[in-house]
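What follows is a short report on a single structure.
The values are calculated or read from the model by the stated rules, or taken from the named source; none is laboratory data. Remember, predicted model here, so these are calculated numbers, not experimental data. Heads up, the Cβs are rebuilt from the backbone with ideal geometry, glycines too, and the neighbour counts pull from every protein chain shown. The accessibility values were calculated without ligands, DNA or RNA, using every heavy atom of the protein model including side chains. Shrake-Rupley method; radii C 1.70, N 1.55, O 1.52, S 1.80 Å.
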Amino acid sequence: MPLRDIDDLERLKKINAALVSRVERSMDQQGNAFSLFQTAISLENRVRNRTEELHATLRRLEQSNIDLSAAKESAELANLSKTRFLAAASHDVLQPLNAAHLSVSALAEVQASDEGRKLVRQVERSLETMEDLLRTLLDISKLDAGVVQPEIGDVSLEALFSSLRSDFLPEAEKKGLSLKFRPVNVAVRSDRTLLRRILQNILSNALRYTRSGGVLVGTRHRGDTIRIDVADTGCGIPEDQREAVFEEFHRGTSTLADAGLAGGLGLGLAIVRRMAAALGHPVTFSSKVGRGTIFHIDVPIGMAAAEPAMAAADMERPRGYGLFGTKVLLVENDMDVLSAMTSLLERWQCLVRAATSTDDALDLLGDTAWVPDIVIADQHLDGGDLGTSTIAEVRDYLGRTVPALIVTADGSEPVAKAARAAGIELMRKPLKPAQLRALLAHLLA
């Protein structure tokens, strides 16, 4: 019906209201749709921004990882370079140090006065301190660089204890201290050299920081582990220094001063912690100031039965009747060391012929009337020759396995392995003349 034909006012109002309502609903729907559209656009922008921020963060993280990896590689290279430098520097310093040791030893034998012998002993102590410092710094550098690879095997604790007793008993007796090792017939799984160094350093500290009483070394079974205890009656370690004692050059000055004791270099426990970490042997201690300290080293039990240890007296007694008339082929390219070693051997009544390379050594063997009883060689010789190779060629020439000794400032494991494989004894420079003489007597027995 056309609107003009509607004459009912109320009816017109209703129709108008219905039309207005329909229009408002339509506008509301459009408004809601528009609002939803705006919301969707806003959310999309926020997602896009967050995605871009996430990508930027991932790129920064990736770059940080690259930078960290590069920094780690640079640090490892620097550490390795430091180790190589220290090894080379130590070798170069140990050579003249070895010559000084040998010369001072020869000088000591011609001193007639007490004052002369006293001065010689002072020089020897200074040389020994310098040697200990150099070797310890080199060991710490190698351990930090991760280049030390332990050779794990069964180690007889009784044999190890006998060796340590022989080394430290004179020092303990000199200070009026007791040094006791409880007997133990057991083998442990460890690297014999590193385990011995750990116990050496702990024992050295125990004797140094003990004024009266003594040191006791014993063991306890703890399941599949053997706990080695080193107990002393020394000055003790204060509670606030429990961690500091394992730091380099920490010497507990106040504690030592109170006890009237002199400290060492402060490197013993620093290297103990590093070696123990390399072996996986936990090292702990308990201590009371003024009463003493007990160090504990936990080591796995070995798989083989322990071998009976050689008696201490047998270990210390040279198996020979001196070196008089012993013919020694000495191969050494450092002229100062060569001169000092020759002088020392000749004072022991040895007959020495010296060479600086393999060819020189073989030339000396051309005299069929002179056949060496023993060969002593440095590892690194002129012309790139190696002492182990020189000894092998001398043995081939002579047609027999003549006793031989490598004397070197090179402390690397490959040198030690090469010597062991060839059945050659090894001594590190600087030499201690008394040990050299005892070893030569043993090899010639």
Exercise for the section: Check whether at least one residue in segment 33-45 is closer than 30 Å to R347 by Cα and modelled with pLDDT under 75, and report yes or no. Expected result: no
Handout entry: Pair list, Cβ < 9 Å and 6+ apart or interchain, from segment 103-117 residues that are in contact (Cβ under 8 Å) with a residue 60 or more places away in the chain and closer than 28 Å to M335 by Cβ to residues that are among the β-branched types (V, I, T) and open to solvent by less than 40 Å² (accessible area, probe 1.4 Å)
Key = S105/V120
Exercise for the section: Quickly run through segment 210-221 and pick out the residues that are in contact with a strand residue (DSSP E or B) (Cβ under 7 Å, 6 or more places away or on another chain) and of a type outside the set (G, A, S). Expected result: T210, V215, L216, V217, T219, R220
Practice task
Quick one: which strands (runs of 3 or more DSSP E) lie wholly within segment 151-210 and hold at least 1 residues that are surrounded by 17 or more Cβ atoms within 10 Å (Cβ to Cβ) and under 22 Å from the mean Cα position of the chain (by Cα)?
Solution key: 153-156, 187-190
Problem - Every pair of residues 6+ apart whose Cβ atoms lie under 9 Å, when the first sits in segment 430-445 and is among the polar types (S, T, N, Q) while the second is not in a helix (DSSP H, G or I) - result: Q435/M427
Practice task
Collect the residues in segment 298-332 that are at pLDDT below 90, open to solvent by less than 80 Å² (accessible area, probe 1.4 Å) and either touching a Phe, Trp or Tyr at 6+ places or on another chain (Cβ under 9 Å) or not hydrophobic (A, V, I, L, M, F, W, C) (or both), keeping them in residue-number order.
Solution key: G302, A309, D314, P318, G320, G322, L323, G325
Exercise for the section: Go through segment 124-136 and give me each residue that's open to solvent by 60 Å² or more (accessible area, probe 1.4 Å), modelled with pLDDT of 70 or more and not basic (K, R). Expected result: S126, M130
Completion exercise
T368 passes all but one of the listed conditions (1) surrounded by fewer than 13 Cβ atoms within 10 Å (Cβ to Cβ); (2) at pLDDT 90 or above; (3) among the β-branched types (V, I, T); the exception is number (2)
